[in-house]
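Have a look at the structure below, then the notes.
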Amino acid sequence: MKSTHHTHPARPTTLLTAALAALLLTATGCSSKADSSANTGDGADGVRTGPGVSDKAIRLGALTDLTGPYATLGKSIVQAQQMWADEVNARGGVCGRRVEIVVKDHGYDVQKAVTAYADVSADVVALPQVIGSPVMAALLDDIERDKMLTFPQAWAASLLGRDAVQVLGTTYDIDMIAAVDFLTRTKGLAKGDTVGHVYFEGDYGANALEGSRWAAKRAGLKISAQKIKATDTDLSAQVSALRKAGVKAILISAGPAQTASLVGVAASRGLKVPVVSSAPGYAPQLMKTPVAPALAALLNVVSAAPAVSSDLPGVRKMAASYKKKYPGSLVDSGVLSGYNAAQLMGTALKKACESGSLAREDVVEAHRSQSSVDVGLGTAQDFSDKSQPASTSTYVHKPDAKALGAVVNLEEAHTAPGVEDYLASRTP
């Protein structure tokens, strides 16, 4: 994209509104109902089976977004999970069965997602991918009733506490506690300082704000909160409010378009303070926009996952395989997220097979029996306590236009001071 005219410093926001429309989040809500067959039986090999499992195949479902605001992310996750299935099948499958993934595109429309779940739920054993917090909210009761092991592409703490639903990695609040710790350790924030937090309304933003407020109180900082809608793409008013509040740093828990607008407007108005984004607020496409220099100078990202440019052997191998299988496709965080979820689903299925049953409830039980799972794509995860996050370790990333995925690890995974106390205070 060409740079903007020098006499209009705020204009990158206008350009970004158009350039990043595909990255915007639009959410709707509606009710959900689905029916699924619970018939089970024994396979020829003596392994108990159920919906989605035959003697020859294990069918998994993906409720994704291939045509809506997260189409780029959805494509990455779908392709990464198909790559995993192809690799597994080349080695003989799981439990002697070929893995098949049934993909349903909901376009980030909750009603379409509810219909897609109803269509697919009787014929799959588990869901290694469901994109969207509003989608998950609509399907939670059905998923739990159907005992369908599900890995959402969403990280709100409100998704904890259910047997069949597994948030992978950390939750948004834990990452924000790490963000506040990062700012106090490395950016000179001190007691009495004010930190801005711009956040989406709904579970994502509310959970992130819960973490930042807790951490700020612990550190003697003040939070100046700015709630925005997913359709808000010009954050000029929020920047003005934060500047008036005298913020020394800003947290943002929104989408990539909002992060770009916030950083671009702040930089153009001289509010050159450090900004830390939740993982969903950054995408590599941002480094091809006029705001790229400001992002490189001011932004960091907190995430449960390493950067796709990480030198972890598992990540490097995955990235090389993906580039070979899908030449021309962007290697972004969705590739790592999707492949990681598929690998972890594979461990649950393998463990269930070893226990003699691939029935849905037994796949859930096998998954929950694991207290330290490391597939080489980040940190070990504990799935044994449904009320707690699978991990408390957060990475800090830095945008880098030249790196794979336009991001690099700045700090390796670590549990921020206070996280254990926070989780203990939240446990009933």
Practice task
Any chance you could tell me what percent of the C-alpha pair distances in the range 146-194 go past 13 Å?
Solution key: 64 percent
Handout entry: Solution diffusion estimate, µm²/s, Stokes-Einstein, the chain, Kirkwood Rh from C-alpha pairs, 37 °C, viscosity 0.692 mPa s
Key = 150 µm²/s
Problem - Alpha-carbon spread of the range 354-410, three principal axes, descending order, Å - result: 48, 21, 15
Problem - Farthest positive-ward along the range 138-261 dipole, Cα basis, beta-carbon charges - from S261, A157, L242 - result: L242
Exercise for the section: Taking only the C-alpha atoms, wrap a convex hull around the range 124-218 and report its volume per residue in Å³ as a whole number. Expected result: 100 Å³
Practice task
For K324, list the aspartates and glutamates whose Cα falls under 14 Å from its own Cα; do not include residues on the same chain fewer than 8 positions away.
Solution key: D86, E87
Practice task
Return the single residue from G196, G96, G52 with maximal mean-square fluctuation; model: Gaussian network over the chain, springs between Cα atoms under 10 Å.
Solution key: G96
Completion exercise
Dimensionless Rg/Rh of the range 61-185, both radii on Cα and Rh by Kirkwood, sits at 1.02
Problem - Total charge dipole magnitude, the chain, about the Cα centre, Cβ charges on Lys, Arg, Asp, Glu only, Debye to nearest 20 - result: 1600 debye
Handout entry: Violating pairs (Cα-Cα greater than 22 angstrom) within the set K75/K325; K75/K112; K112/K351; K75/K323
Key = K112/K351
Exercise for the section: State log₁₀ I(q)/I(0) for the range 102-144 at q = 0.15, 0.21, 0.30, 0.35 Å⁻¹ as given by the Debye formula over alpha-carbon point scatterers of equal weight, solvent excluded. Expected result: -0.30, -0.61, -1.34, -1.67
Practice task
Take the alpha carbon atoms of the range 327-388, find their center, do the same for the range 207-243, and report the distance between the two centers in whole angstrom.
Solution key: 33 Å
Problem - Stokes-Einstein diffusion coefficient of the range 180-228, Kirkwood radius over Cα pairs, 20 °C, 1.002 mPa s, in µm²/s - result: 195 µm²/s
Exercise for the section: List the lysines whose Cα lies under 23 Å from the Cα of K217, skipping any in the same chain that are fewer than 8 positions away. Expected result: K187, K191, K227, K244, K248
Completion exercise
Scaled by the rule-of-thumb 2.2 N^0.38 Å, the alpha carbon Rg for the range 65-119 gives a ratio of 1.34
Fill in the blank from the handout: Sorting S425, A366, H397 by the position of each Cα along the dipole of the range 361-427 (Lys, Arg +1; Asp, Glu -1; all at Cβ), the one nearest the positive end of that ordering is H397
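A short reminder: the numbers here are calculations on the coordinates, not readings from a lab. Computed from a predicted model, the values in this text were never measured in an experiment. Here the Cβ is made from the backbone with ideal geometry for all residues, glycine too, and neighbour counts use every protein chain on show.
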